[in-house]
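The block underneath contains the structure these notes are about, expressed in structure tokens.
Each value in this text was obtained by applying a stated rule to the coordinates, not by laboratory testing. Since the structure is predicted, the reported quantities are computational estimates derived from the model, not experimental observations. So basically every Cβ, Gly included, is an ideal-geometry build from the backbone, and we count neighbours across all protein chains shown.
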Amino acid sequence: MNILNPKKYTSLMADEGSRTVVDKTIAFFEGMGKKRLLEDFDSKAWYQGFTDFLAKEQILAKLLTPKEHSGGDPDCRWDTARNGEYAEILGFYGLGYWYYFQCTLLGLGPVWMSKNENAKKKAAQVLKEGSPFAFGLSERAHGADIYATETTLTPKGDGTYLANGEKYYIGNGNKAKMVSVHGKVKDGTDDFVFFVANYLHKAYELKGNVISHQEYVADFALHDYPITEEDILLRGREAWDAILNTVNIGKFNIGPGSIGLCEHYFYDAIAHAANRVLYGIHVTDMPHARRNFMDAWLRLIGMKLYQRRATDYFRAANADDRRYILYNATSKMKVTVQGEQVIELLWEVIAAKGFEKDTFFTVAETEVKGPAKLEGTVHVNVMLIRKFMKSYFFNPTEYPPIAPDFETKDDLFLFNQGVAHGLGSIRFHDYRPAFEANKHLPNVAAFISQVETFKDMLEKAAPDVGQDFDSSFALPLGEMFSIVVYGQLILEQAMLYKLDPDVLNQIFDFMVRDFARFALQVYDNPSVREDQIAFLKEIILTKPVPDDNQYERVWDKHIFPLVGAYEMNP
Ligand SMILES: Cc1cc2nc3c(=O)[nH]c(=O)nc-3n(C[C@H](O)[C@H](O)[C@H](O)COP(=O)(O)OP(=O)(O)OC[C@H]3O[C@@H](n4cnc5c(N)ncnc54)[C@H](O)[C@@H]3O)c2cc1C
């Protein structure tokens with residue numbers, strides 16, 4: 001297993017239609033070339049060429065239309081595995097391209113969840129035209145607090161409504177013919193509602209781009225925008241659930257964007273460092289530089305293994321198996337932040353080169369911090385996954401095994417996820433077998449001992465009510481939990497993939513260090529208790545087990561061969 005190389009890439013999808021989509025997309029970017037890609041990034045040019053390409057090849061229609069609405073195109077389906085793969089490829093060429101796709105995917109959430117057949121037909125047509133979609137949830141003043149939404153839909157008394165309000169941070173809001181807008185009905189109920197608006201309507205005021213990037217993150221206002229029943233997607237409880245369920249779909253697609261971005265950066269960084277000779281030695285031969293490359297590459301492989309395995313759980317989800325909600329939040333908060341670390345490690349080595357304007361480095365450095373903040377910050381996701389900690393550790397249950405899933409089917413459960421509450425009742429399969437099966441690897445064994453100590457602490461020196469409510473204590477504790485979940489799925493995927501055990505053991509080198517780092521944050525918290533300190537010290541003092549030969553083997557076999565293995569067409 002290694003990082004994505006567009007020039008030697010074969011799609012994970014078995015069907016010809018999907019392979020064509022992937023091949024044509026790579027050819028589009030390589031045909032555009034690096035110079036043009038960077039010029040467009042620097043000049044913040046809108047993605048007209050990309051839009052035209054997507055329309056010509058019907059790519060949005062194929063990737064984001066469930067079969068039922070496909071109009072006969074056999075390549076249409078909503079397939080989480082395929083969308084993740086596509087997101088990674090777009091991220092490889094820049095998060096702006098990924099974001100265009102991402103906002104379209106999000107905007108379609110409330111549409112495919114609704115019972116409004118006319119809106120669905122219209123969406124299928126707009127997808128065929130290649131127009132992007134948008135998801136209009138956020139407002140300037142309210143951030144994560146969606147209860148406080150101020151956008152309104154006021155009945156006129158003749159069965160129609162007028163929409164008023166301002167939405168802020170809305171990707172593609174400058175070009176979307178269907179913007180799924182969230183608001184409240186002002187008919188005395190204050191019901192939540194999703195309705196569709198079109199950027200071309202004269203009552204839709206595009207106020208501008210909130211950010212200074214190629215992406216268009218719109219501030220727009222609706223002034224007495226006329227809405228009929230035909231434009232209403234969801235109302236009441238269903239509209240509320242659609243917010244969370246759409247974010248569930250969207251946020252799983254964020255990690256792949258980060259992965260792609262890091263992969264491209266990695267090729268360029270290692271090529272630069274390997275060819276740079278200082279004091280008579282290549283930078284890649286300096287032990288600290290090599291360590292950064294090792295750590296970055298291992299983290300990147302970890303991100304890919306986790307995301308791939310989580311995708312199987314996503315596709316297998318149903319009303320009785322909602323494990324995907326934990327794996328999704330873990331993807332969102334870990335894969336994206338691991339991506340930030342990857343770029344940080346590599347940038348430290350390439351140093352000044354990372355500032356040069358005619359490189360992909362500046363693109364990635366500018367964009368890599370975004371994904372962790374979209375669709376719920378890291379904090380919001382850590383607080384979410386904490387709800388699962390008890391069930392995960394202390395109340396496992398059995399499920400039928402979940403095999404890798406590349407079937408050419410729609411993941412329709414995602415549009416029928418049901419009520420968004422009841423998270424406390426979700427149960428998980430026992431995490432221990434995945435670890436036990438790999439305990440012969442010394443770093444996995446070290447990690448197991450840390451996790452056992454952590455679990456002991458939760459049982460014998462559990463956080464008290466004050467600590468539970470203090471997010472400065474609860475967040476690093478939640479981070480520790482997330483690393484266990486992350487490790488479990490990495491191991492599951494490594495076994496399915498028959499990953500080189502050298503690589504797996506080296507991955508758990510950084511896992512042990514990360515676990516200790518968050519334990520130190522809990523230890524440092526002013527409210528930590530004496531009985532908790534004893535457990536935390538044990539975790540902090542657990543070290544990865546060094547193996548110099550193995551370290552060199554991984555470098556020689558997997559990492560150094562990446563020098564010159566990919567360079568974008570000029
Ligand atoms: C580039 C970009 C593109 C975006 N695109 C879209 C889009 O297309 N459509 C759309 O609707 N929105 C979009 N957003 C908005 C995005 O979803 C919000 O940024 C996000 O929901 C967080 O809101 P906020 O950044 O205002 O932070 P706030 O909600 O103001 O949070 C402030 C701080 O409080 C913390 N916090 C808040 N709530 C909790 C909690 N429950 N538990 C613990 N900590 C908490 C946060 O972590 C943060 O540190 C976009 C944002 C950006 C930056």
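Once the Cβ-Cβ distance between residue 8 and residue 560 is put in as r, and R0 is 25 Å, what FRET efficiency do you end up with, to the nearest 0.05?
0.90
Given the -39500 (n - 2.57) contribution per DSSP H run of 4+ residues, what per-residue ellipticity at 222 nm results for the chain, rounded to the nearest 500 deg cm²/dmol?
Numbers: 21 runs with 299 residues, N = 570.
Helix-only estimate at 222 nm: -17000 deg cm²/dmol.
So if we plug the beta-carbon distance of residue 244 and residue 278 into 1/(1 + (r/R0)^6) with R0 = 45 Å, what FRET efficiency do we get, rounded to 0.05?
0.30
Working from Cα positions, state the angle (0 to 90°, nearest 10) between the long axis of helix 530-540 and the longest principal axis of the chain.
The angle comes out near 80 degrees.
Work out from phi, with θ = phi - 60° and the Karplus expression 6.51 cos²θ - 1.76 cosθ + 1.60, the ³J(HN,Hα) of each residue of the stretch 122-127, listed in order in whole Hz, and give x for Gly and Pro.
Each residue's phi maps through the Karplus curve to give 5, 4, 4, 5, 5, 4 Hz.
Assuming a ≥ b ≥ c are the square roots of the Cα gyration tensor eigenvalues, decide whether the chain counts as rounded (a/c under 1.5), prolate (otherwise, with a/b larger than b/c) or oblate.
The shape class here is oblate.
Step through the residues of the stretch 319-336 one at a time and calculate ³J(HN,Hα) from phi using the Karplus curve (6.51 cos²θ - 1.76 cosθ + 1.60, θ = phi - 60°), rounding each to whole Hz and writing x for Gly and Pro.
For the stretch 319-336, the Karplus-derived couplings read 4, 9, 9, 10, 4, 4, 5, 5, 5, 6, 4, 5, 4, 4, 8, 8, 4, 5 Hz, x marking Gly and Pro.
If you average the C-alpha positions of the stretch 205-284 and of the stretch 51-114 separately, how far apart do those two centres end up, in angstrom?
What the calculation gives is 14 Å, centre to centre.
Quick one: 168, 486, 551, 99, fewest Cβ neighbours within 10 Å first, how do they rank? Working shown, then result.
Details: 168 20, 486 24, 551 17, 99 28.
Fewest-to-most Cβ neighbours within 10 Å comes out as 551, 168, 486, 99.
Please give the helix 254-274 orientation as an angle from the longest Cα principal axis of the chain, in degrees from 0 to 90, rounded to the nearest 10.
50
Could you size up the charge dipole of the chain around its Cα centre, putting +1 on the beta carbon of Lys and Arg and -1 on that of Asp and Glu, and report it in debye to the nearest 20?
On the way: 63 positive and 77 negative charges, 86 e Å.
Value, rounded to 20: 420 debye.
Name the residue farthest towards the positive end of the dipole of the chain from the options 447, 86, 503, assuming +1 on Cβ of Lys and Arg, -1 on Cβ of Asp and Glu, about the Cα centre.
86
Using a 10 Å cut-off around each Cβ, can you sort 563, 378 from fewest to most neighbouring Cβ atoms? Can you show the working numbers first?
On the way: 563 15, 378 20.
Lowest to highest Cβ neighbour count: 563, 378.
Extending each Cα 7 Å along its Cβ direction at residue 229 and residue 524, get the distance between those two points in nm, one decimal.
It is 5.9 nm.
Which one, 101, 136, 33, is farthest towards the positive end of the dipole of the chain when Lys and Arg carry +1 and Asp and Glu -1 on their Cβ?
Comparing the listed Cα positions along the dipole, 33 ranks first.
For each of 76, 103, 262, count neighbouring Cβ atoms within 10 Å of the residue's Cβ, then give the residues from fewest to most.
Ordered by Cβ neighbours within 10 Å, fewest first: 76, 103, 262.
Helix 16-43 sits at what angle to the longest principal axis of the chain, using alpha carbons and giving 0 to 90 degrees rounded to 10?
It works out to around 90 degrees.
Exceeding 28 Å between C-alpha atoms, which entries from my cross-link table qualify? They are 8/44; 120/184; 67/207; 62/115. Before the final figure, lay out the partial values.
On the way: 8/44 30 Å; 120/184 22 Å; 67/207 36 Å; 62/115 21 Å.
Where the Cα-Cα span goes over 28 Å, the pairs concerned are 8/44; 67/207.
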